[in-house]
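Undergrad: Just dropping this structure here.
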Amino acid sequence: MSTRVRDAPRVATRAHARRVGRKTRKSGTSSSAGRRRRDGVARSTADDGERSTAREARGAQSRREALLRAASATVMATTTTTADAARAAAGAARRLQETYFAATSKAIAPERWYPYWWALPLAPYGSKATALAEAVPGEVWTFDQLQGLLDVLVNVRMTVARLEGGGLWVHNPVAPTKELVGMVKELEKRYGAVKHIVVGSAAIEHKIYSGPFSKAFPNADVWLPPKNWTFPVDVPLETYVPFYPQGSPKTLPMQSIGGEQNVPWANEIEHAVLQVGGSSLRGFKDPWFVDTAFYLKRTKTVVLTDVMEKVSQQAPPVCQINPQPLLVRAMDEPDKVPANTSQARSDGWGKTVLFGLLFNPNAVEFEFSGDIANDLLDGFKWDPSWRADFDALVAKPMFVPPILAVLAFPRRRDEVKRWSNIVTSWDFTSIIPSHLDGPFNATPDEFTAAMDFALTATPYEQFGANAQSLIDVDKLSVDLKSLEVPKPLSPELITPPKPAQEAVEIVLDAASEQ
Ligand SMILES: [Fe+2]
């Protein structure tokens with residue numbers, strides 16, 4: 001899933017409060033409260049005698065602030081200010097973010113701290129809580145962390161499966177915090193050592209942790225998909241993140257059965273790699289989007305990264321460990337922070353998902369006052385129609401994310417459908433993707449229906465007026481020749497209606513004519 005702008009405003013808010021708050025605020029209520037919280041954290045750190053921890057935290061803080069300053073400068077340089085001066089700086093949203101910062105500091109939750117977050121500067125910067133769930137009892141487990149930009153945080157998922165002969169198979173590792181490694185070590189005590197670390201995606205956010213994770217499990221081999229590449233500088237991952245105890249990662253074959261080579265887990269897990277080309281990013285020929293479907297045969301579970309998703313009204317548990325970002329995002333307009341209720345968290349999740357999937361949802365307006373740190377926090381005004389847009393997504397049994405359905409797949413509909421046909425030849429009952437819901441119930445027929453809809457319906461039919469921004473990007477990309485002109489699905493690949501369905505339609509037609 002594409003993600004957005006989220007955790008940074010919290011950092012920006014602090015930096016901004018220090019720079020601006022002391023000069024301009026009369027009451028100082030929020031800034032002094034913020035200082036008290038920061039002082040409290042500093043005192044507890046010193047009391048514990050953790051001077052190096054404090055130094056590292058300050059270093060991380062200054063790196064986060066530098067990142068935010070750079071981001072703000074970029075936005076300032078490209079956006080027209082209305083100079084509608086200074087919406088009051090100290091709002092409820094800012095105080096919520098200060099609370100979130102305090103709750104996710106290294107001093108408060110050292111087991112969740114990931115010091116190398118700057119290698120992939122996505123939020124949350126530093127603290128990465130993990131939510132563990134048993135997806136299939138005694139067989140499959142999911143480990144969710146958060147990932148995003150500025151104030152839009154969604155879950156990103158690692159999946160672990162038990163191997164028949166003992167040991168563990170790990171898919172798309174997430175940040176190896178002390179908390180996460182401890183959770184996996186507990187599984188190792190019951191089911192054996194981590195044997196294989198497998199990445200199914202070319203997206204940097206799904207593969208960058210494979211090296212650091214493998215350092216905690218040095219006897220495991222690491223597998224990356226073929227024609228793997230790195231954006232924006234296309235260098236081998238093992239050069240960019242040189243932490244692979246076993247040397248260079250191995251290359252996943254295109255298919256585990258009937259392919260050009262086999263993999264050690266092929267008797268219990270099949271897989272098929274999807275490669276989508278058609279962008280100037282990769283010279284049009286090589287794939288710019290890569291995903292892999294893995295079929296865990298014993299549990300009838302398909303594990304994949306981004307291709308298919310499902311969303312529910314309530315945010316996944318990892319989003320609710322520290323729910324302040326959901327409450328900030330739930331705001332309908334500046335300074336209207338709701339109380340921490342189940343409904344408010346659901347509203348915040350709905351708006352987060354709309355931002356994350358659609359980038360520029362139809363129901364939101366961004367009000368730019370010139371105070372970018374505040375604007376990115378609470379400068380959004382939502383039309384009530386956002387709820388119907390979110391409900392429409394929740395109602396779908398599953399869906400191909402808009403960015404893939406509108407920008408990526410139209411270039412290679414036939415290749416996508418052939419890959420989908422391999423997936424639907426498997427007898428699965430559930431899917432675990434790397435974002436949003438997972439696992440969710442799914443059959444091959446339902447997967448086919450969702451994929452065919454993505455490959456044959458127009459963007460408006462799939463996502464309504466919310467598709468407009470991506471349609472504009474698509475048109476511009478074609479005009480600039482950075483994306484190929486879309487190709488329709490070949491007629492021979494269109495799924496014929498099922499006989500039973502045809503019979504039902506004939507009966508219904510006959511009934512309606514009477
Ligand atoms: Fe993703």
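A short reminder: the numbers here are calculations on the coordinates, not readings from a lab. Everything numeric in this text was worked out from a predicted model, so none of it was measured. Every residue, glycine as well, gets a Cβ built from its backbone with ideal geometry; the counts of neighbours run over all protein chains shown.
Undergrad: Could I have the simple spin-label model distance between Asp332 and Tyr460, label points 7 Å from Cα toward Cβ, reported in nm to one decimal?
TA: For the pair Asp332/Tyr460, the computed spacing is 2.9 nm.
Undergrad: Here is a follow-up. Ranking request for peptides 190-201, 131-142: highest mean number of other beta-carbon atoms within 10 Å first, then the rest in descending order.
TA: Packing proxy ranking, top to bottom: 190-201, 131-142.
Undergrad: Please give me, ordered by residue number, the GluC sites (Glu not before Pro) of the stretch 291-393 that lie in loop per DSSP and have at most 16 other Cβ atoms within 10 Å.
TA: For GluC sites (Glu not before Pro) across the stretch 291-393 that sit outside H, G, I, E and B with at most 16 neighbouring Cβ atoms in 10 Å, the list reads Glu367.
Undergrad: When the Cα centres of the stretch 369-408 and the stretch 120-194 are compared, how far apart do they sit, in Å?
TA: Each part reduced to its Cα centre gives a spacing of 27 Å.
Undergrad: Give the shape of the stretch 168-295 as rounded, prolate or oblate, defined through the alpha-carbon gyration tensor: a ≥ b ≥ c are the square roots of its eigenvalues, a/c under 1.5 means rounded, and otherwise the shape is prolate if a/b is larger than b/c and oblate if not.
TA: Oblate, because a/c is 1.5 or more while a/b does not exceed b/c.
Undergrad: How big is the gap, in Å, between the Cα center of the stretch 278-303 and the Cα center of the stretch 239-256?
TA: Cα centres, the stretch 278-303 to the stretch 239-256: 16 Å.
Undergrad: With the Cα gyration tensor of the stretch 321-396 giving a ≥ b ≥ c as the square roots of its eigenvalues, does the rule (a/c under 1.5 for rounded; else a/b larger than b/c for prolate; else oblate) give rounded, prolate or oblate?
TA: Judged from the Cα gyration tensor, the stretch 321-396 comes out oblate (a/c at least 1.5, b/c at or above a/b).
Undergrad: Looking at the stretch 174-311 only, what percent of DSSP beta bridges run antiparallel? Nearest 5 please.
TA: Taking every DSSP beta bridge within the stretch 174-311, about 70 percent pair in antiparallel fashion.
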